[in-house]
Structure formats: C-alpha cells, structure tokens
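Comments concern the structure below.
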Amino acid sequence: MNLSKGSNKYYGGKKPSVDKINIEVVSPGQAAAAMRANKYDVLLNEGGSVYHKVRKLPEYIVLGEKEKYYSYLGFKVGHVNAKGESVMDRKTPVQNRALRQAMGYALNTDQFDKKFSYGLAYRANTIVPDVFGKYNDRKAKGYPLDLKKANKLLDKAGFRMQKDGYRTLPNGKKFTLKLLAPMGTGPMNNRTAIDVYLEQWKKIGVKVELKDNRLQEFNSYVEQLTNDGKGWDLWTSAWGVTNAPTTSIAGNYLPNDPYNLGHFVTKENTALLKSLSSKEAFNEKYQLKQFYKWQEYMNKEAYIVPMNFRYNTFVFSKKLTNISLDTKKSYNLWENIAFTK
C-alpha cells in the first residue's frame, strides 16, 4: 500500500512519514515465530494464542484496548415462522428459567479466562460491553460461579438428582441437552475448553453433550444457527458490536430480528426494547434507566447468559513512534506513524 501523498492528488491529509506499508496475512500458528524473527513491524489483532508468546519480546511493545465484543451462552426456545418472526413455542427443558440460571451459575468463567485467554478476556456482567461506559449497568453481577445457588435453583424447580449423578426433569424423565459450538483456532474455541463447560454442568447434575459429539465446522455452525437448525438446545457464540448498544445489541432480541437466534419472545422484553427508541428515550436519563432495566431483565431470564468481554491487542516495533490507540489519534495512525531512525 503506497502512502505517498503524491500518489493521490485528491488526498487531503498531511504527508505520511513512511512511503509505503507492505501488508501480509499471517496465520496465528506462524505469527509468533515471525515476530521473534523480526519479520514484521506491526501485528494487528493478534489474539490470545499469539499474545502470550510475543508480549515479552524486547523488540516490541504490546498495546491493548477494550473491544466492542461479548461472548455468551444462548438457549434455543423457539423457531422462526413464515413471517420471519420468532415464536417461543419449542417444547424443551431449557424453557425452564431455573435450569437456564443454574447453568449460568455453574460456569466457572473467571478461572476459565485465566487458563484459556491469557488475561485478554474477563467475565461479563451483562451483554453490554463495559467499553460502552455508562451504557453498561455496572451494578449488575451477571453469573459468577455459584454451584450452591445453582443446585438450590434446580432442587426448588423439581429437577431431582439420581444415583448416576444426573438430574431428571420435574416430571421424572431423564434428559440430555445438546450444545452447538464452533470449531476455532483460538484458545477458547477448542475441545478442551468446551469440555470444561460440560464438566461444570455435570457438577450440578445437568447432562450436556456436543451436538454430533464434535465441534462444528464454522460454516456449518453458522448455517445451523441462522437457518433454525435442528438437534440442539444451547449454543456458544459472540458478537462484535457497533457504537450504538441500544440498537446494535438490544435490537438483536426483537421478535422480527434475524439475529434473535434463540427465538425468545416475551411481552416484557419487547416493551423494554421499544422503550429504548421511544419519544421518551430522547431524554438520556430515561433511556439509560430503561436500558438498565433491560439488562436486569436479560440477566434474570437468562435466555442469553453473558460470558466474556475482552481486550484487543496490537504489537508494534519499538523502532516506531507516534503510535496511539486513543480514538482521536488512532484514526490517523498510518498517517502519523514513523520510524525513530
């Protein structure tokens, strides 16, 4: 990529300090070795599997920022009708709120993050990333590990523990839930990591198995999610979101939104979502109040259980200067970046 001002007579900014940038795509498996060999001056979006291998290299500095991202555990409770609207009518054990909540409290997310994310992920308290500041309800606790509470919820709801270590439904029938999860290259998207979830749910007597006993190839996974695939009850996923959480996050859970992948629809949820874009919502205090109510409602109902927020990291050679991730400066990063020698 040629950055010379003379190469584009319509360019309106100042003359860049470097003449050109050579861009290459490198696989996560090769990135760390390439950086150790000083092949690159900049590594963008490195991810945890590379971060822990390069963060202490003396020739480089690692900068990070909170990402507009959240990962979650979702429960499928309905389907899409001919009008493209979600209908919450599926006869499934995960229609039971106590079961969904218990499975959320069984997740040992804090310890999981320490083991698998190398410090780049941390437990989410709602599905609104805290990078959005005031839009995140900081008083919300989300789902920290609490096996005692999880077992109490299930006991009270009538899920009886049996001699084999698994619970039955309130009607006495055995049940097994199927988890849809994607195959990935990251440390949190491998079979070992997913087995941690399965073991945690086993501790509260809930039997969960991977759909088809395997992680799904990513394209197949997406197709099953978006085309109302059959044979699964819950799934793990994540969203990268934009600058308007009241629409880019909350809007995904409207009855007619194609990204309402669990197909949950309640009058209270729809009313809260509509209030976020009502005339009253022009008053920011009102909008934030309703947005906090919605986050509280989502956490209580647990159709979508928040799991992680995370940091995005970038690696820069110490030979470079004028580098900043500040939003006011990073917009012109490639215009300002320069070599010290």
Note to self: Could you tell me how many of the residues in segment 82-107 are assigned to a loop (DSSP other than H, G, I, E, B) and either surrounded by 21 or more Cβ atoms within 10 Å (Cβ to Cβ) or touching a Ser or Thr at 6+ places or on another chain (Cβ under 7 Å) (or both)?
What the structure shows: 1
Note to self: I need every pair where a residue in segment 21-48 that is more than 16 Å from V62 (Cβ to Cβ) has its Cβ under 7 Å from the Cβ of a residue that is open to solvent by 80 Å² or more (accessible area, probe 1.4 Å) and assigned to a loop (DSSP other than H, G, I, E, B), sequence separation at least 6 or different chains.
What the structure shows: I21/M1; I23/M1
Next item on the list: Kindly indicate the residue of segment 294-310 that is buried (at least 19 other Cβ atoms within 10 Å of the Cβ) and in contact with an Asp or Glu (Cβ under 7 Å, 6 or more places away or on another chain) and also farthest from K341 (Cα to Cα) among those meeting that condition.
Entry: Q295
Check: polar (S, T, N, Q) and in a loop (DSSP other than H, G, I, E, B) - does that describe any residue in segment 148-163?
Finding: yes
Next item on the list: Select from segment 227-241 the residues that are under 24 Å from G104 (Cβ atoms) and either without any contact (Cβ under 8 Å) to a residue 12 or more places away in the chain or outside any loop (DSSP other than H, G, I, E, B) (or both) and list them in ascending order.
Entry: L234, W235, T236, S237, A238, W239, G240
Check: Does D137 satisfy the condition of being modelled with pLDDT of 95 or more and surrounded by fewer than 18 Cβ atoms within 10 Å (Cβ to Cβ)?
Finding: no
Next item on the list: Give the number of residues within segment 259-282 that are touching a residue at least 24 places away in the same chain (Cβ under 8 Å), open to solvent by 30 Å² or more (accessible area, probe 1.4 Å) and either part of a helix (DSSP H, G or I) or more than 20 Å from L73 (Cβ to Cβ) (or both).
Entry: 2
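Residues are listed down the side, and each one gets a yes or a no for (1) part of a strand (DSSP E or B); (2) open to solvent by 50 Å² or more (accessible area, probe 1.4 Å); (3) among the aliphatic types (A, V, I, L, M):
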site	(1), (2), (3)
Y11	no, yes, no
A31	no, no, yes
K39	no, yes, no
Y51	no, no, no
L57	no, no, yes
Next item on the list: Among residues belonging to segment 247-256 that are surrounded by fewer than 20 Cβ atoms within 10 Å (Cβ to Cβ) and touching a residue at least 12 places away in the same chain (Cβ under 8 Å), point out the one that is farthest from T92 (Cα to Cα).
Entry: T247
Margin query: Please count how many residues of segment 108-132 are among the small types (G, A, S), modelled with pLDDT of 95 or more and open to solvent by 20 Å² or more (accessible area, probe 1.4 Å).
Written below: 0
Next item on the list: Report whether or not K285 is assigned to a helix (DSSP H, G or I), out of contact with any Asp or Glu (no Cβ under 7 Å at 6 or more places or on another chain) and within 22 Å of Y122 (Cα to Cα).
Entry: no
Next item on the list: Show the residue pairs that are 6+ apart or on different chains and have beta-carbon atoms under 6 Å apart, the first residue being within segment 60-81 and more than 22 Å from F132 (Cα to Cα) and outside any strand (DSSP E or B), the second being open to solvent by 40 Å² or more (accessible area, probe 1.4 Å) and β-branched (V, I, T).
Entry: G78/V87; N81/V87
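The values are calculated or read from the model by the stated rules, or taken from the named source; none is laboratory data. Quantities reported herein were computed from a predicted structural model and do not represent experimental measurements. When we count neighbours, we look across all protein chains shown, and the Cβ atoms used for this are built from the backbone with ideal geometry, even at glycine. Side chains included, ligands, DNA and RNA excluded: accessible areas come from the protein's heavy atoms. Shrake-Rupley method; radii C 1.70, N 1.55, O 1.52, S 1.80 Å.
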